[in-house]
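Visitor: What follows is a single structure, and I will ask about it in a moment.
The values are calculated or read from the model by the stated rules, or taken from the named source; none is laboratory data. Fair warning: this is a prediction, and the values are worked out from it, not measured in the lab. Glycine also receives a Cβ, built like all others from the backbone with ideal geometry; neighbour counts cover every protein chain displayed.
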Amino acid sequence: MAIHRIPKSKQKPRSPVLLLVISIAVIAFLWLFCSSSSMAGFSFSSARTLVNVRGLKKDRNYGLEKYLYWGNRIDCPGKHCDSCEGLGHQESSLRCALEEALFLQRTFVMPSRMCINPIHNKKGILHQSKNANSEEEWAASSCSMDSLYDLDLISDTVPVILDNSKIWHQVLSTSMKLGARGVAHVEGINRIDLKENNAYSNLLLINRTASPLSWFMECKDRNNRSSIMLPHSFLPSMATKKLWDVAEKVKRLLGDYDAIHVRRGDKIKTRKDRFGVERSLHPHLDRDTRPEFILRRIAKWVPPGRTLFIASNERKPGFFSPLSTRYKLAYSSNYSLILDPVIENNYQLFMIERLILMGAKTFIRTFKEDDTDLSLTDDPKKNTKDWQIPVYTMDE
């Protein structure tokens, strides 16, 4: 199409409105051009750095963070790495490590897998070959961390990455290039010094694996409650969405219910002293967790006729049946059609049960976690190392 020039003498004055419209159009075009360039830059540079970081949010710049590493196994007591504790024990360690990351304002490098002790797993994920090497055995006797926890949800409080992510490998590579300026292997240094001493606070990576102790032993001295930054309920409430959804289905079927957690098998241990007398670290526990004593204990908290959900590691069939004289009993096994397609191991089952327990109108624990908790026994949960003669009568 031919463009005919109009002599300047014949041009009409341009309208101010027209000039304003043209200006807005030019600004809009420039804005769109800059935006597309910016997004293209993100796609080809930053995205490579942030890949495989589950739960990443736009307001988190992991590429500029400082990191805290405690090791690739939560429960590895020094040289005895073949042993493995239960979920609650490992969570105590994990929660303490997360607290340190929160205190230091660092991203926590979380193990990508969690060890599962065979005695805590009845679903049979332990299919170990006789010719398997140690890493293959570890993979067979563990489960992926993101099958248990919602890492995005955890990162809302404490930013975390997994130790099999690309960004972690990038951090390792960078720290090796920086040498002494990039990483410090610390042992016996408290978190306050790590935060306030510039020799540590400015480093890219702090590595806690110099200690031969297990995570739990590193975190064992937690008597100063004012120093605890994450509550006991933090990790139980961080269950992955799949487990939350299953727990919600069961809770809807239960309706209005109360719940008790009865811990027996792993805590009722006795040994004979030099005179042949049986002694226990929890002298009242066996008594307090038997049905006849449970009925007496919870009568003031749970009215007759209520639905009572029971979570327990007691293996004797029908052990809690005497409670049915006063309550309508419910167990996770009653909902196997909902649970079995989802759960792969007992850790997942226990996490679902915990969510159900937390949703009860009245929840009664075995041991008190806090002073306000309702509990079946007054024995302390912590190991007092005081072996006493078990009590089986009602000694008021």
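Visitor: Does at least one position in the stretch 312-329 carry a residue that is buried (at least 19 other Cβ atoms within 10 Å of the Cβ), touching a residue at least 40 places away in the same chain (Cβ under 8 Å), within 16 Å of residue 259 (Cα to Cα) and touching a helix residue (DSSP H, G or I) at 6+ places or on another chain (Cβ under 6 Å)?
Guide: Yes, the stretch 312-329 contains at least one residue that is buried (at least 19 other Cβ atoms within 10 Å of the Cβ), touching a residue at least 40 places away in the same chain (Cβ under 8 Å), within 16 Å of residue 259 (Cα to Cα) and touching a helix residue (DSSP H, G or I) at 6+ places or on another chain (Cβ under 6 Å).
Visitor: If a residue has to be part of a loop (DSSP other than H, G, I, E, B) and over 22 Å from residue 285 (Cβ atoms) to count, how many in the stretch 300-325 make the cut?
Guide: Final tally of qualifying residues: 4.
Visitor: For residue 145, work out the one condition from (1) closer than 23 Å to residue 86 by Cα; (2) in contact (Cβ under 8 Å) with a residue 60 or more places away in the chain it doesn't fulfil.
Guide: (2)
Visitor: Any idea which of (1) modelled with pLDDT of 95 or more; (2) assigned to a loop (DSSP other than H, G, I, E, B); (3) surrounded by 14 or more Cβ atoms within 10 Å (Cβ to Cβ) is the one residue 341 doesn't satisfy?
Guide: (3)
Visitor: Still on this structure, please answer the following. Looking at the stretch 106-117, is at least one residue assigned to a loop (DSSP other than H, G, I, E, B), buried (at least 17 other Cβ atoms within 10 Å of the Cβ), of a type outside the set (Gly, Ala, Ser) and modelled with pLDDT under 85?
Guide: Yes - at least one qualifying residue is present in the stretch 106-117.
Visitor: Residues that are assigned by TED's automatic domain parsing to the domain that holds residue 360 and at pLDDT below 90: list the strands (runs of 3 or more DSSP E) wholly contained in the stretch 225-283 that include at least 1 such residues.
Guide: 270-272, 278-280
Visitor: When you look at residue 242, is it surrounded by 12 or more Cβ atoms within 10 Å (Cβ to Cβ) and out of contact with any His (no Cβ under 9 Å at 6 or more places or on another chain), yes or no?
Guide: Working: surrounded by 12 or more Cβ atoms within 10 Å (Cβ to Cβ): yes; out of contact with any His (no Cβ under 9 Å at 6 or more places or on another chain): yes.
Yes, satisfied.
Visitor: Search the stretch 67-86 for residues being in contact with a helix residue (DSSP H, G or I) (Cβ under 8 Å, 6 or more places away or on another chain) and at pLDDT 90 or above, and hand back the single one that is farthest from residue 229 (Cα to Cα).
Guide: The residue in question is 71.
Visitor: Applying the selection to the stretch 368-396, what residues are in contact (Cβ under 8 Å) with a residue 60 or more places away in the chain and either buried (at least 19 other Cβ atoms within 10 Å of the Cβ) or of a type in the set (D, E, K, R) (or both)?
Guide: Residues satisfying the conditions are 369, 370, 376, 377, 378, 379, 385, 386.
Visitor: Taking the stretch 87-104, which residues are hydrophobic (A, V, I, L, M, F, W, C) and under 13 Å from residue 236 (Cα atoms)?
Guide: Matches in the stretch 87-104: 87, 94.
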